[in-house]
Amino acid sequence: GFVVTNNHVIDKASTVEIQTDDGKTYPAKVIGTDPRTDLALLKVDGRTDFPWVRLAPSAPRIGDWVLAVGNPFGLTETVTVGVVSAKGRKLHSDGSDVYEDFIQTDAAINPGNSGGPLLNIDGQVVGINAAIITGDRGYMGIGMAVPINIARSISDQLISTGKVVRGYAGINLQDLNEDIAKALDLKIRRGAIITSVEK
């Protein structure tokens, strides 16, 4: 009965419902959300025999073929095909929030695809469709999906504790470049340097 979707799909909703492909509707409870990865976990009680799709053991590689499944513009069960062109993309929302580590694909992800699966050619979920990069809200060939390894980790935390906890080192880092290395008389020319330690 657990359902993974995007946080922006259910954010600010007073009630949430799940509709299955047979047209039946079920009330759903929000187990938890993680705005930083734009993920939310829902649960439908009272039924345990929902159809489900397998999660891939890992995120896809650049160049892998993928299929985006969703309901764009009210067109149910729509599938688009593309390839993974990049991984580790970061996006900024209007509120300057940073969304982490997206998969970039040219499989068409349009409004209504959010929360749907990004599948590999074996039909396993490799990502959760989340966003498009566009100038006019139209399809420009750049779609974003949350990698399945992140979705799995976030879901596991939300199931066990209802919240997401991240590690925190208490330091600020900067890339070590040629100028900093010369100024500090360092033989090493690459890596990172600690710029401050928080109290």
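The values are calculated or read from the model by the stated rules, or taken from the named source; none is laboratory data. None of the values given here were measured: they were computed from a predicted structure. Every residue, glycine as well, gets a Cβ built from its backbone with ideal geometry; the counts of neighbours run over all protein chains shown. To get the accessible areas, we keep the full protein, side chains included, count just its heavy atoms, and leave off ligands, DNA and RNA. Shrake-Rupley method; radii C 1.70, N 1.55, O 1.52, S 1.80 Å.
For every residue, the table says whether it meets (1) at pLDDT 95 or above; (2) part of a loop (DSSP other than H, G, I, E, B).
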{"residue": "8", "(1), (2)": "no, no"}
{"residue": "23", "(1), (2)": "no, yes"}
{"residue": "26", "(1), (2)": "no, no"}
{"residue": "40", "(1), (2)": "yes, no"}
{"residue": "50", "(1), (2)": "no, yes"}
{"residue": "53", "(1), (2)": "no, yes"}
{"residue": "60", "(1), (2)": "no, yes"}
{"residue": "63", "(1), (2)": "yes, yes"}
{"residue": "76", "(1), (2)": "no, yes"}
Within segment 10-19, work out how many residues are open to solvent by less than 30 Å² (accessible area, probe 1.4 Å) and outside any strand (DSSP E or B).
-> 1
Filtering segment 79-106 for residues that are modelled with pLDDT under 90 and either outside any loop (DSSP other than H, G, I, E, B) or closer than 14 Å to residue 132 by Cβ (or both) leaves a count of 10
Condition test on residue 88, is it open to solvent by less than 50 Å² (accessible area, probe 1.4 Å) and either of a type in the set (Gly, Ala, Ser) or touching a His at 6+ places or on another chain (Cβ under 7 Å) (or both)?
-> yes
Scanning segment 163-177 for residues that are of a type outside the set (A, V, I, L, M, F, W, C) and surrounded by 10 or more Cβ atoms within 10 Å (Cβ to Cβ) gives 163, 172, 174, 177
